[in-house]
Structures are given as C-alpha cells and as structure tokens.
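The values are calculated or read from the model by the stated rules, or taken from the named source; none is laboratory data. Since the model is a prediction, treat every value here as computed from it, not as a measurement. Quick reminder, even Gly has a Cβ in these numbers, built from the backbone with ideal geometry, and neighbours come from all protein chains shown. Just so you know, the surface numbers come from the protein's heavy atoms only, side chains and all, with ligands and any DNA or RNA stripped out. Shrake-Rupley method; radii C 1.70, N 1.55, O 1.52, S 1.80 Å.
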Amino acid sequence: MTLDVPAIRAAYPALADGYAYLDGAAGTQVPGSVIDAIGDAYRSGLGNAGGVFPASIRSTTVTEQCRRAVADLVGGVAEGVILGPNMTTLTYRLAGTLARSWGPGDEVVVSRLDHDANVRPWVQAAARAGATVRWAEVELPAGELPAGQYDSLLSERTVLVAVTAASNVLGTRPDVAEITAKARAVGALSYVDGVHATPHGPTDVAALGADFYATSAYKWSGPHVGAVIADPGLLESLHPDKLEPAPGAVPERFEQGTPPFADLAGVTAAVEHLASLAGPAAGTRRERVLASAHDHEQALFQVLLDGLGAIDQVTLYGKAPRRTATAYFTVAGRTPAEVASHLAERKVNVWNGHNYAWELTAVLGIRDIGSAVRAGLVHYNDRSDVDRLIAAVAELTA
Ligand SMILES: Cc1ncc(COP(=O)(O)O)c(C=O)c1O
C-alpha cells in the first residue's frame with residue numbers, strides 16, 4: 001500500500017511554513033494529533049502518579065499506555081519499556097548499572113559506526129571498571145560494519161556489545177541480528193541503538209536479538225522522550241542507583257524522578273499516527289505501525305541520490321546496500337556550513353557537521369574539515385522537498 005503523502009503532510013502543522021524538512025534524522029516534526037494529545041492530557045488534569053484521586057490515576061494510565069505503545073512500535077512487552085528524557089541519559093544510566101559487575105579482564109565492544117551516545121557511555125563505564133574496550137571498524141568506501149569481524153572481537157571475556165541499528169549519517173544498517181547472535185554465543189549482552197533506525201520501517205527487537213534496544217520518540221513524530229526496551233526478566237537482575245523510597249519494581253526502578261506525563265500521552269499518539277500512515281488498514285497497531293514508510297522513503301531516496309550523484313562537485317559518503325534514506329555529502333569548494341546556509345536560504349533544512357558520529361567522521365577523514373551535510377528523508381517528505389534540495393545544491397556549483 002502506498003502512502004497518501006499529501007494527507008500525511010497536512011497532518012503536520014509545522015510543514016505549512018514552506019520549508020523542506022530534510023532534518024528528520026535530527027528530530028522530526030509532530031502531527032497535530034500529538035500536539036492535541038499533549039494538550040488534552042494537561043486539559044484533563046494530571047496529578048503525580050501513585051495517588052488515589054482521578055488526576056493521579058490518569059497519569060498512571062497515561063504511563064501504562066505509553067509503555068504499551070512503545071512495545072507495539074518496536075516489539076517486546078510493556079513491562080520491559082523504560083522511559084526517560086532521551087536515549088543518551090538512559091544509556092548512561094544502563095552503562096553505569098551494567099558496569100557494576102565488570103572488572104579487569106572483561107571486554108566491551110563498541111563500533112566506529114555508532115553515534116557517540118552508544119560509544120562514550122560504554123567507554124567511560126569500562127574505564128571506571130578497569131575493563132577493556134575493543135572496536136569494531138567501518139569498511140570504506142561503502143561505510144559498512146562487517147559482522148564477520150565480531151568473530152575475532154568477541155570471546156568469553158566479552159560482557160557487552162554496543163552496536164547501532166543504523167548510522168545516523170550514512171544510514172548504514174549493519175547485520176544486527178548476526179552481531180547479537182555472536183554476542184549471545186559468548187554470553188555477552190547486546191545494546192542496540194535504534195534511535196536513527198526506528199522511524200524508517202518496522203522494528204522487531206526479538207528478530208534483532210537485542211537485549212536492550214534504545215529509541216527516542218522525537219525521531220518518530222513524538223515529543224522529547226527516550227525509551228529502552230529489554231526483557232523484564234533481564235531488568236529484574238539489574239539494580240540501578242535509585243532513591244530509597246522510589247519504586248523498586250521493574251521497569252520503574254530504572255526511571256528517575258517524575259516523568260513528563262503529558263509528553264507520554266504524546267508518545268502514544270505518535271505511535272497511533274505511525275500506525276495510521278497506510279490508511280484504515282486491518283490489523284493490530286503492532287502490525288500496522290510504519291508498514292509502508294520504508295518503501296516510500298527508499299523510492300524518494302533513489303531520486304535524491306540520482307540527483308545529487310549527477311552533480312560532479314558532489315561527493316556522497318557511504319553506499320551500503322541496506323541503509324536508511326539518509327544522504328551525507330560534501331560540495332567541492334564549499335564548506336558544509338556554507339552549503340547548509342545556502343540551503344536554509346532556499347528553505348531547505350539540513351544539518352552540517354559530525355552529528356555526533358564522532359568516530360565515523362574521523363574514519364571518513366572529514367571530522368576536522370567540518371564533516372559533511374546530512375539530508376534525510378522520513379515518511380512526510382515528498383518529491384518537491386527532494387527537487388528543491390537538488391536544485392539548491394546545483395546552484396552552488398553553477
Ligand atoms: C543514532 C543516534 N543515537 C543516539 C542519539 C542520541 O539520542 P538522544 O538525543 O535521544 O539522546 C541520536 C540523536 O541524534 C542518534 O541519531
């Protein structure tokens with residue numbers, strides 16, 4: 001089934017400003033239904049959770065609904081959904097918790113394809129524990145993370161493998177299932193960064209074999225809320241720092257302080273929105289969610305790649321066969337900042353710089369020269385967004 005992109009775009013108030021929003025990889029816009037859900041939650045009256053009066057009970061209900069929605073989006077069960085401010089905060093929390101059992105001789109494997117939020121928390125936790133860090137390398141020029149290298153990286157000493165489900169600049173989707181299977185075979189846990197991958201198609205944490213899967217709602221049409229999904233049984237075995245009177249049950253004990261209840265209602269609305277993209281199709285929310293975004297994005301991405309690729313002065317980075325609709329490019333004779341500024345003048349939103357792909361931009365040899373420009377597609381982008389990007393880049397080279 002194809003997406004009704006004009007109808008989808010009409011659902012996003014911000015898109016009416018006439019800009020081409022090709023900055024989705026840094027954060028998407030939100031549909032009116034999400035804005036309404038947040039407003040309605042406040043309008044209906046929210047109390048702090050755990051009380052006996054209706055406003056408090058509403059906050060508890062909103063939280064439970066949010067966990068169920070996230071589980072429908074990525075798989076897993078609501079009882080294993082940890083909610084928090086963003087992926088980085090949650091990853092630091094999990095790294096600190098997991099590292100309590102690490103010591104000298106233990107090994108942690110990170111990758112140079114990853115956003116730094118799935119690298120530094122592990123590197124720093126390992127350093128504190130006296131554990132060793134081993135690096136999975138990116139193969140150029142394709143920008144792939146070959147799964148085969150994990151055979152020599154992993155051993156019975158490995159305690160954790162952190163790997164991304166998709167690079168936030170090259171879009172590369174490594175073979176996560178193969179990597180997590182290798183981790184499991186040596187008794188290591190896997191922590192999969194799904195922040196960039198989640199909005200681009202259906203996700204199944206079980207099929208990925210991820211012990212932990214991290215995602216952020218603001219990348220998929222929701223508010224600024226992060227989530228980590230894990231098996232509740234695994235969470236039961238872990239004991240994060242927490243306040244003495246704070247809930248000791250799973251997953252609450254991984255959540256610090258009072259949650260943004262109204263935003264959690266927005267997260268649920270975002271999942272409903274993603275499930276509605278293909279129209280009033282049959283099936284559960286879990287079956288419908290993001291079912292057709294992938295094909296739409298990939299078809300448009302081909303137009304984008306062909307258009308930019310036809311401009312001699314453009315260098316496109318990465319060409320993994322499995323990747324999200326995310327282009328990372330430079331224009332000869334122009335800094336990435338100049339390109340992004342020119343595009344902004346032409347009402348095209350893109351990012352320039354390393355985008356926290358800190359190790360990867362060094363591997364690409366571009367980190368010290370401003371890195372590159374990132375233009376990414378999500379389900380609400382259309383042909384006119386792409387055409388405008390290509391025309392504006394072509395102007396720079398004329
Ligand atoms: C792949 C990836 N991982 C992690 C993060 C960090 O997520 P958050 O902003 O939720 O901490 C980002 C943010 O851009 C990202 O793209």
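Numbers at a glance
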item: Residue 234 vs. criteria among the aliphatic types (A, V, I, L, M), over 18 Å from the mean Cα position of the chain (by Cα) and assigned to a helix (DSSP H, G or I); result: yes
item: Members of the stretch 1-43 that are among the polar types (S, T, N, Q) and surrounded by fewer than 14 Cβ atoms within 10 Å (Cβ to Cβ); result: 2
item: Test: residue 140 is more than 16 Å from the ligand (Cβ to nearest atom), closer than 22 Å to residue 196 by Cβ and not aromatic (Phe, Trp, Tyr); result: yes
item: Single residue of 185, 177, 210 found to be within 16 Å of the ligand (Cβ to nearest atom), free of Cβ contacts under 8 Å to residues at least 60 places away in the same chain and open to solvent by 10 Å² or more (accessible area, probe 1.4 Å); result: 210
item: Residues being part of a helix (DSSP H, G or I), open to solvent by less than 40 Å² (accessible area, probe 1.4 Å) and within 15 Å of the ligand (Cβ to nearest atom) - total across the stretch 88-122; result: 10
item: Check on residue 97, under 29 Å from residue 258 (Cα atoms) and touching a strand residue (DSSP E or B) at 6+ places or on another chain (Cβ under 8 Å); result: no
item: Meets criteria (part of a helix (DSSP H, G or I) and open to solvent by 60 Å² or more (accessible area, probe 1.4 Å)) for residue 306; result: yes
item: Test: residue in the stretch 192-202 that is surrounded by fewer than 24 Cβ atoms within 10 Å (Cβ to Cβ) and not basic (Lys, Arg); result: yes
